[in-house]
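*Asks:* Here it is, the structure in full.
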Amino acid sequence: MLKISNLSVFIDKKKVLDRINYNFEENKVYCIMGPNGSGKSTLAAVIMGHPAYSLGKSSRIEFEGKNITDIATYKRANKGIFLTFQTPMSLSGVNIFQLARFAKNNKLDPRLARQKIVSDASKLKINEELLSRSLNDNFSGGEKKKMEVLQASMLNPKFIIFDEIDTGVDVDSMRTIAKFIDNTLNKKGKTIVLITHYNRILRFLKPDRVLILVSGRLVKIGDHKLAERIEKEGYDKINSNVKIQNSKKISKN
């Protein structure tokens with residue numbers, strides 16, 4: 001589905017991701033974890049084509065077998081890549097129904113689009129009154145996160161990145177969000193990536209693979225049990241191993 005090759009990323013000449021290689025396969029759920037500042041959100045932003053970052057000369061991103069390394073963010077979105085915001089922004093004067101039609105260039109049938117949005121909102125336990133209000137205007141943190149998930153369902157992308165979708169969400173809402181992702185979004189032909197600091201949401205939605213980033217490097221890959229181990233042990237052991245590896249490299253040079 002989406003392949004990253006030799007991905008090194010810079011911001012203001014500072015390297016923030018270092019030679020990451022990974023192939024996100026179709027029909028799987030992934031989780032990316034790591035300490036604060038490890039590069040998780042940076043990786044998501046780069047996949048989406050954020051212009052603030054520059055890539056190393058040999059870096060390459062492929063989506064469905066085609067090189068998308070240099071194409072604009074909106075073109076990636078049109079191809080089927082979707083990224084939620086850690087802190088969803090408010091859109092004054094624009095409700096979710098209007099956003100849906102705009103995002104799809106007015107190609108959606110208004111009646112069918114409304115029916116789907118209302119149906120999905122009900123599954124997410126979103127108060128129907130919020131659907132007619134300006135998007136995220138005076139919404140709670142949990143309501144904003146649910147609206148992000150609703151937008152993902154509405155746009156029907158192929159590759160979905162949820163960046164900290166569980167942050168600021170109570171346990172009942174988190175269970176609702178996880179159930180919706182698993183039952184409604186996790187379908188054939190899609191890939192879902194969860195970026196999180198905690199194992200909480202993974203108790204309700206088990207990933208096929210867990211990726212650990214430390215200091216901008218992909219240092220460990222495992223199944224859902226790896227996330228459970230991280231929750232119990234923290235990142236100290238992994239950090240220590242990374243430091244030892246770096247020391248060995250320096251001594252060789």
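The values are calculated or read from the model by the stated rules, or taken from the named source; none is laboratory data. Here the structure is a predicted model, which means the values were calculated and not measured. When we count neighbours, we look across all protein chains shown, and the Cβ atoms used for this are built from the backbone with ideal geometry, even at glycine. Only protein heavy atoms, including side chains, enter the accessible area calculation; ligands, DNA and RNA are left aside. Shrake-Rupley method; radii C 1.70, N 1.55, O 1.52, S 1.80 Å.
*Asks:* Over all alpha-carbon pairs in the stretch 89-142, figure out the percentage whose distance exceeds 19 Å. Provide the component values of the computation, followed by the final result.
*Replies:* Values: 369 of 1431 pairs.
The calculated P(r) of the stretch 89-142 puts 26 percent of pairs beyond 19 Å.
*Asks:* Once every DSSP H run of n ≥ 4 in the chain is given -39500 (n - 2.57) and the sum is divided by its residues, what mean residue ellipticity at 222 nm do you get, rounded to the nearest 500 deg cm²/dmol?
*Replies:* Numbers: 8 runs with 90 residues, N = 253.
The helix-only estimate for the chain comes to -11000 deg cm²/dmol at 222 nm.
*Asks:* What ³J(HN,Hα) values, in whole Hz, does the Karplus curve 6.51 cos²θ - 1.76 cosθ + 1.60 give for the stretch 50-62 when θ = phi - 60°, with x put for Gly and Pro?
*Replies:* 4, x, 6, 9, 10, 10, x, 4, 9, 5, 8, 10, 10
*Asks:* Distance between Cα centroids, the stretch 202-220 to the stretch 51-122: provide it in whole Å.
*Replies:* A separation of 24 Å, based on Cα centres.
*Asks:* Looking at the chain, send over the antiparallel percent of its DSSP beta bridges, to the nearest 5.
*Replies:* Values: 21 of 37 bridges.
Bridges in the chain are about 55 percent antiparallel.
*Asks:* Tell me, what is the per residue accessible area of the chain in Å², probe radius 1.4 Å? List each step's numbers first, then the result.
*Replies:* Working: 13410 Å² over 253 residues.
Value returned for the chain: 53 Å² of accessible area per residue.
*Asks:* First compute the accessible area of the chain with a 1.4 Å probe, then give the percent of it belonging to carbon and sulfur atoms.
*Replies:* Working: 6310 of 13410 Å².
Carbon with sulfur: 47 percent of the solvent-accessible area.
*Asks:* Taking springs between alpha-carbon atoms closer than 10 angstrom, which of 66, 206, 145 fluctuates most in the Gaussian network model of the chain?
*Replies:* Most flexible of the set in this elastic network: 66.
*Asks:* If you place +1 on the Cβ of every Lys and Arg and -1 on the Cβ of every Asp and Glu, how big does the dipole about the Cα centre of the chain come out, in debye to the nearest 20? Show your work: numbers first, answer last.
*Replies:* Numbers: 45 positive and 26 negative charges, 175 e Å.
Computed about the Cα centre, the dipole is about 840 debye.
*Asks:* With unit charges on the beta carbons (Lys and Arg positive, Asp and Glu negative) and the dipole taken about the Cα centre of the stretch 1-96, which residue among 37, 22, 8 sits farthest to the positive side?
*Replies:* 8
*Asks:* Which value, in Å² rounded to 10, gives the accessible area of residue 41 with a 1.4 Å probe and all protein chains present?
*Replies:* Around 40 Å² of this residue is reachable by solvent.
*Asks:* Still on this model: Just the ratio, please: alpha-carbon radius of gyration of the chain over 2.2 N^0.38 Å, N its number of residues.
*Replies:* My calculation over the Cα atoms of the chain gives 1.04.
*Asks:* Out of 116, 40, 57, any idea which swings most in a Gaussian network model of the chain, alpha carbons joined below 10 Å?
*Replies:* Top of the fluctuation ranking is 57.
*Asks:* Roughly speaking, what % of Cα-Cα pairs in the stretch 33-113 are separated by over 15 Å, rounded to a whole number? Show your work: numbers first, answer last.
*Replies:* Numbers: 2210 of 3240 pairs.
So the pairs more than 15 Å apart make up 68 percent of the total in the stretch 33-113.
*Asks:* Something else now. Please check: in the Gaussian network model of the chain (C-alpha springs, under 10 Å), which one of 117, 212, 11 has the largest mean-square fluctuation.
*Replies:* Comparing 117, 212, 11 in a Gaussian network model of the chain, the most mobile one is 11.
*Asks:* Hey, what does the equivalent ellipsoid look like for the stretch 14-66, semi-axes from the Cα gyration tensor as sqrt of 5 times each eigenvalue, largest first, whole Å?
*Replies:* Working: eigenvalues 69, 53, 21 Å².
Semi-axes (√(5λ), whole Å): 19, 16, 10.
*Asks:* Put one equal scatterer on each alpha carbon of the stretch 36-170, apply the Debye formula with no solvent term, and list log10 I(q)/I(0) at q = 0.20 1/Å to two decimals.
*Replies:* Values, matching the q order: -1.25.
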